[in-house]
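Below is one structure, written out as structure tokens, with a few remarks after it.
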Amino acid sequence: MKDNTSYRYANENPCNMCMPMGGIISFKGVEKSMVIIHGSQGCSTYMRRHIAEHFNEPVDVASSSLNEKGTIYGGENNLRKGLDNLIKLYNPGLIGVLTTCLAETIGEDIERITSDYLKDRGLTDLPVVAVSTPGYGGTHTEGYFLALKKIIYRLAGKAGKNSRINIIVPSLSPADIREIKRILHVMDVDCILFPDYSDTLDRPFERPYKKVPDGGTRLADIAMMPGAAATIQMGVTAGDNISPGGYLESHFGVPLYNLPIPMGIENTDLFVETLKNLTGNDVPENLRQERGRLLDCMVDSHKYNFEGRSVVFGEPENVYAIVKTCLENGIEPVVVATGGKSNKLTELLKSCLNGCRGNVHFLDETDFSEIREKSKESAANIAIGHSDGRYLTEREGIPLVRHGFPIHDRVGGQRLLSVGYLGTTMFLDRITNTLLENKYGSYRSNMYQKFYQNTGDNPLQTMR
Amino acid sequence: MEEMEVVLLTGLPIEERRDFILTKGKQKRQLKCDADSVAGSVSQRACVYCGARVVLNPVTDAVHLVHGPIGCASYTWDIRGSLSSGADLYRNSFSTDLKEHDIIFGGEKKLARAIDELVRKYRPKLVFVYSTCIVGVIGDDLEAVCKAASGKHGIEVIPVQSSGFIGNKSAGYRAACDALMRLIEPGEKKYVIKSKNINYLGDFNLAGEAWIIKRYLSRMGVDINVVFTGDSSYAALKKAAGASLNIIQCAGSMIYLASRMEENYGIPYMNVSFVGIEDTSNSLRNIAKAFNDPEMAYKAEQLIEHETALVKPAIQRYREKLEGKKAAVYVGGGFKAVSLIKQFKEIGIDVVMIGTQTGRPEDYRRIGDLVDDGTVILDDANPAELEKFMLEKGADLLVGGVKERPLAYKLGIAFIDHNHNRKHPLSGFIGAVNFAEEVYATVCSPVWNYI
């Protein structure tokens, strides 16, 4: 299955971003938090731009604005001044300090700098979470999970056991997080959902404008996570060293249910079943009906979907969920790709792609040049992933169903709903309709060429 | 006026930022600019690499290879709307994708191999290799690797010294200009200098803007030798020394190149701006004047008259709807800010707040001359300041880039995208109509009635 061919030295059109990017998103899911990036000014600005264009929200992230002097003599003064100013401007309830390539390479000890700073300023009550996120150290996905783990580590309280359930979510749309919260609500689950950027990165229009948006997981709730009855983490592809749920299990004995994103019938069932088992609550009628409607949708669309040959790319957790959903619906994944290295994803795909009709190209540590090449080779007819996949549309005419982060060339990335029975139904409709649009757009001329002009194609060759 | 300043600036939490902000009035304090950003202030600026990439990226047939970790290439892949009439290699983002191992052992070998790989695959005549923060720190010898690769492949491989921490975005412009200077061949003897052949500096052909200007000039009998760098190519840039005049639009990024070309090749330069009817008209007139050619001047007048007549009625209609509105401006460079003040006047709008990321002292002097008393002028602003001054000055709209847009919208303020990823031209006469139309579309939208 895996066919990363020869080693390449140049990445041609990246399929991933860098660690601090993911870290910012994690912190956006914490109540009243602000982030400062320890590095040169550009890192913070580029990431802000990237996030702001996807979510259409103001994204204020500070920078320690390291200059030449700071690079040579150490950036401690810059970081301290940055923290001073950030606190003055935003009065945050928690500060995330993320490093960059530059800070790591010059050997900045941010744990020490920040703890000294807080002592000197008499701010020992202000939680500051320092996370080492060099851009060369991993992808944005890894930065995301690592930041979550560090936030829990820093805030873990001494409070005893409680009966709540931790729900740890990967990078999803705010609409998806809201849908998961709704499912938890209708299942009557007392939970701590973390991180929750469903409001902070998708806020309603209201006056007056607040520099630090409302919403986010409450600090007091995060502090309770080590005492929870169980953790459900949607992070089957997260490495053990960065898994927040794994950390809660190994250090605090919180049983971990590591599940895929609830997309598709099987994975949503798994989520709902787990909730049912953990709480003893029944699945309510409205959720059952949603499940029934999803089945109805799957049946209605199955023949259209059978024509789909998909190229799926993006963050490992999303890729796995989409591949599973494709497989349930007879859409054949022909190229499955992620920009980083993910051993867990490789393992998971091995077991689920075995039954595929043809050869599946699995590409990790890949780029869009390679994804394009393999997509063309395997006659993919639908791409599913973030908006950088527009390159596949432009160059190879493969239509793109936008999913994940970032989406820069369309509006509403924050409002895309794809999880749960309801979200999966909507996701599937987007896929099916894209296949149909393509078919309706081309079948007349295709048939004309094939049968009227008789270009000599053997009709049997088109069978799969 | 003194009082007004006190009132406005008291609400600024960061003391150090005060020197970068002033209210136009009686006092003649010089605005501080072109300095490092204040740590923690949430500056809207990017880095040296960004400045270099912005300027060089429109070179259409070059390989743009970022020597560094993946992020720098990822965040800059095809994000700008420079158009090409030929090659499209520039729309790719290549990276050496440095990993931990490379940081420890050095990235030179990987860079050399990456160049080999890309040259073999794309057969370019020109490769730009951008340095990023860590390259500056781990001490890879970019010059040596590029020189060796150049010799090996018989093409030009030019290092761009754009490590992020060595300054601000302006330092990146300089790095880009240095790279361009290395490309230009000393021309006088090699190329026949045509008397009416000019270089056009500081237009990146966003939505075809350089093409619009090229057509205007051609109607006046002036040929464009090469545009820096919108829709430019290796071959065209090589011949840059064969021009008799350099006209510069985006002075912030290109004045350095222009002065070096004057020094090395004796090509005089003049500033122009094709933003707004007034500036466009004056620039065309000034070009004709520079050639001291009455026939050209006549053609320029004809063109101005003809084009103005075409757009004036539409602009007048918009003006009637927009008269009396107040604008805030926060853009990258000085030339755009200066021209926007005049362009807003053309549609009856006053600028009440104006700032730039990388304006130079002379830009701020011009701005100060053009705006009314009470206008807030600020350098290297942040969201808190933009919010404060837009609200205090009662701005109806903001002109800015991607990061500023959601802030304006959240404040219930209209917004004009004056950035590098826009999809319609804002240059020349046609651009003036587009601008007025965009202002109208956003300021007079019915959505504001509901918030």
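So the values come out like this:
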quantity: Mean separation of Cα contacts under 8 Å, 6 or more apart, over the residue count of chain B: relative contact order %; calculated: 17 percent
quantity: Accessible area of chain A belonging to carbon and sulfur atoms, whole % at 1.4 Å probe; calculated: 49 percent
quantity: For the range A:274-279, Karplus couplings with θ = phi - 60° (6.51, -1.76, 1.60), whole Hz, Gly/Pro x; calculated: 4, 4, 4, 5, 6, 9
quantity: For chain A, the longest site-free run once chymotrypsin sites (Phe, Trp or Tyr not before Pro) in DSSP loop states with at most 12 other Cβ atoms within 10 Å are removed; calculated: A:206-464
quantity: Mean shadow area of chain B, taken as a quarter of the surface of its Cα convex hull (nm²); calculated: 22.6 nm²
quantity: Eligible lysines near B:Lys289 by straight Cα distance, threshold 16 Å, same-chain separation 8 or greater; calculated: B:Lys196, B:Lys299
quantity: Exposure rank, largest accessible area first [B:Tyr265, B:Tyr450; 1.4 Å]; calculated: B:Tyr450, B:Tyr265
quantity: Surface accessible to a 1.4 Å probe, B:Glu437 within the full protein complex, Å²; calculated: 90 Å²
quantity: Mean-position separation - Cα centroids, the range A:35-68 and the range B:68-105, in angstrom; calculated: 19 Å
quantity: Area accessible to solvent at B:Lys109, 1.4 Å probe radius, in Å²; calculated: 150 Å²
quantity: Antiparallel bridge percentage (DSSP; both residues within the protein assembly as shown; nearest 5); calculated: 10 percent
quantity: Where B:Val275, B:Val447 fall by accessible area, highest first, once all protein chains stay in place (1.4 Å); calculated: B:Val447, B:Val275
quantity: 0 to 90° range, to nearest 10: angle between helix A:140-155 axis and chain A longest Cα axis; calculated: 40 degrees
quantity: The protein assembly as shown - charge dipole about Cα centre, Lys and Arg +1 at Cβ, Asp and Glu -1, debye rounded to 20; calculated: 1060 debye
quantity: Chain A - charge dipole about Cα centre, Lys and Arg +1 at Cβ, Asp and Glu -1, debye rounded to 20; calculated: 420 debye
quantity: The range A:292-306 versus the range B:116-165: alpha-carbon centroid distance in Å; calculated: 52 Å
quantity: Partner aspartates and glutamates for A:Lys69 [C-alpha distance under 12 Å; skip if fewer than 8 residues away on the same chain]; calculated: B:Asp36
quantity: Relative contact order %, chain A, counting alpha carbon pairs below 8 Å whose residues are six or more apart; calculated: 18 percent
quantity: Estimated 222 nm signal from helices in the protein assembly as shown, with DSSP H stretches of n ≥ 4 weighted -39500 (n - 2.57), rounded to 500; calculated: -14000 deg cm²/dmol
quantity: Too-long pairs where the Cα-Cα distance tops 29 Å, listed order kept, from A:Lys149/A:Lys324; A:Lys376/B:Lys214; B:Lys321/B:Lys342; B:Lys32/B:Lys345; calculated: A:Lys376/B:Lys214
quantity: Cα-based reach from B:Lys152 at 18 Å (exclusive), listing aspartates and glutamates while leaving out same-chain residues under 8 positions away; calculated: B:Glu108, B:Asp116, B:Glu117, B:Asp141, B:Glu143
quantity: Cross-link pairs A:Lys28/B:Lys388; A:Lys350/B:Lys121; A:Lys88/A:Lys158; A:Lys211/B:Lys393; A:Lys211/B:Lys326; A:Lys150/B:Lys169 - those with Cα-Cα distance over 25 Å; calculated: A:Lys350/B:Lys121; A:Lys88/A:Lys158; A:Lys150/B:Lys169
quantity: Selection of GluC sites (Glu not before Pro), the range B:317-401, meeting DSSP coil and at most 16 other Cβ within 10 Å; calculated: B:Glu323
quantity: B:Trp211 accessible area, 1.4 Å probe, all protein chains in place, Å² to nearest 10; calculated: 90 Å²
quantity: Ratio of Rg to Rh over chain A (Cα coordinates, Kirkwood Rh, two decimals); calculated: 1.00
quantity: List B:Glu108, A:Glu373, B:Glu404, ordered by accessible area with a 1.4 Å probe, largest first; calculated: A:Glu373, B:Glu108, B:Glu404
quantity: Rounded, prolate or oblate (a/c below 1.5 giving rounded, otherwise prolate when a/b exceeds b/c) for the range A:327-441 by Cα gyration tensor; calculated: rounded
quantity: In order through the range B:372-386: 3J(HN,Hα) via Karplus (6.51 cos²θ - 1.76 cosθ + 1.60), integer Hz, x for Gly, Pro; calculated: 7, 4, x, 5, 7, 10, 9, 10, 6, 6, 10, x, 4, 6, 4
quantity: Per-residue average of Cβ from other chains inside 10 Å of A:382-392; calculated: 1
quantity: Sequence-distant residues sharing a close amide H with B:Val157 (under 5 Å, placed H); calculated: B:Val127, B:Ser150
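The values are calculated or read from the model by the stated rules, or taken from the named source; none is laboratory data. In this text the structure is predicted, and so the values were computed from the model without any measurement. Ideal geometry is used to build each Cβ from the backbone, glycine not excepted, and the neighbour counts take in all protein chains shown. Only protein heavy atoms, including side chains, enter the accessible area calculation; ligands, DNA and RNA are left aside. Shrake-Rupley method; radii C 1.70, N 1.55, O 1.52, S 1.80 Å.
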